[in-house]
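Engineer: Here you go, one structure.
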Amino acid sequence: AQKVTQAQTEISVVEKEDVTLDCVYETRDTTYYLFWYKQPPSGELVFLIRRNSFDEQNEISGRYSWNFQKSTSSFNFTITASQVVDSAVYFCALSEARSSNTGKLIFGQGTTLQVKP
Amino acid sequence: DSGVTQTPKHLITATGQRVTLRCSPRSGDLSVYWYQQSLDQGLQFLIQYYNGEERAKGNILERFSAQQFPDLHSELNLSSLELGDSALYFCASSDVWASSYNEQFFGPGTRLTVL
């Protein structure tokens with residue numbers, strides 16, 4: 001069964017703190033893709049990153065970094081030196097290459113991040 | 001701006017009514033996805049069309065239907081509306097139909113309120 005779990009419903013930090021958002025996924029496919037999306041208060045969904053199941057290299061983009069570990073089925077997202085503008089709901093999503101063969105995204109429940117000044 | 005447009009932005013209607021949500025994909029994208037975001041169910045995949053044909057169905061109610069037209073725009077029809085249908089409905093598009101690697105570009109969403 002395919003499933004994405006974001007156990008942290010809400011996280012509150014003070015500006016400049018580092019914060020990690022957890023994502024655990026379940027899939028029977030050996031080929032799959034993982035995504036992170038950001039939903040700011042304005043409501044739109046903003047694509048942040050895509051990772052395929054064969055690439056376990058961690059990625060860094062500015063203050064954002066992602067840690068993909070197949071052994072624990074996790075794809076965690078870290079924001080370094082958080083800023084108020086990072087306040088948003090963050091979604092982790094899974095797309096299975098074989099069993100669904102459509103590219104549909106399976107989303108986690110989302111983590112609401114509040115960064116206080 | 002993702003290039004995906006959705007109209008209307010907001011929609012308020014009454015129970016039992018029918019509404020149509022419209023989506024125009026990015027130029028050149030043949031695949032359209034519909035998602036529903038509600039407080040209790042989260043973000044859920046509803047249905048996908050590729051070049052006018054239905055490609056996949058998710059948790060879409062029988063009261064809901066969709067289609068994709070020759071100009072590639074898509075409409076999501078919601079009928080016999082219930083209070084629980086109040087949600088944010090997103091349309092997303094991509095340029096492929098089956099590759100899971102594709103990035104889906106999301107529209108701004110249509111917020112439906114059923115009173």
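The values are calculated or read from the model by the stated rules, or taken from the named source; none is laboratory data. Since this is a predicted model, take the numbers as computed values, not measurements. Backbone-built Cβ (ideal geometry, glycine too); neighbour counts: all protein chains shown. Ligands, DNA and RNA are stripped out before the accessible areas are found, and what is left, the full protein with its side chains, is counted by its heavy atoms. Shrake-Rupley method; radii C 1.70, N 1.55, O 1.52, S 1.80 Å.
Engineer: Can you confirm whether A:LYS104 is modelled with pLDDT of 90 or more, in a loop (DSSP other than H, G, I, E, B) and among the basic types (Lys, Arg)? Walk me through it before giving the result.
Structural biologist: Details: modelled with pLDDT of 90 or more: no; in a loop (DSSP other than H, G, I, E, B): yes; among the basic types (Lys, Arg): yes.
For A:LYS104, the condition - modelled with pLDDT of 90 or more, in a loop (DSSP other than H, G, I, E, B) and among the basic types (Lys, Arg) - is not met.
Engineer: Would a scan of the range A:57-65 turn up a residue that is under 21 Å from B:GLY42 (Cβ atoms) and touching a residue at least 12 places away in the same chain (Cβ under 8 Å)?
Structural biologist: Within the range A:57-65, the subset under 21 Å from B:GLY42 (Cβ atoms) is none.
No: the range A:57-65 contains no residue that is under 21 Å from B:GLY42 (Cβ atoms) and touching a residue at least 12 places away in the same chain (Cβ under 8 Å).
Engineer: Which members of the range B:26-71 meet the condition of being assigned to a loop (DSSP other than H, G, I, E, B), farther than 15 Å from B:SER94 by Cβ and open to solvent by 40 Å² or more (accessible area, probe 1.4 Å)?
Structural biologist: B:LEU39, B:ASP40, B:GLN41, B:ASN59, B:LEU61, B:GLU62, B:ARG63, B:PHE69, B:PRO70, B:ASP71
Engineer: Please report, ordered by residue number, the strands (runs of 3 or more DSSP E) entirely within the range A:1-83 with at least 2 residues that are at pLDDT 95 or above, under 27 Å from B:GLY3 (Cα atoms) and within 14 Å of chain B (Cβ to nearest Cβ). Can you show your working first?
Structural biologist: On the way: elements: A:3-5, A:10-14, A:19-21, A:24-26, A:32-39, A:46-52, A:59-61, A:64-69, A:74-79.
Because the criterion is at least 2 residues that are at pLDDT 95 or above, under 27 Å from B:GLY3 (Cα atoms) and within 14 Å of chain B (Cβ to nearest Cβ), the strands (runs of 3 or more DSSP E) in the range A:1-83 that meet it are A:32-39.
Engineer: What's the number of the condition A:ASP86 fails, among (1) surrounded by fewer than 19 Cβ atoms within 10 Å (Cβ to Cβ); (2) more than 14 Å from chain B (Cβ to nearest Cβ); (3) charged (D, E, K, R)?
Structural biologist: (1)
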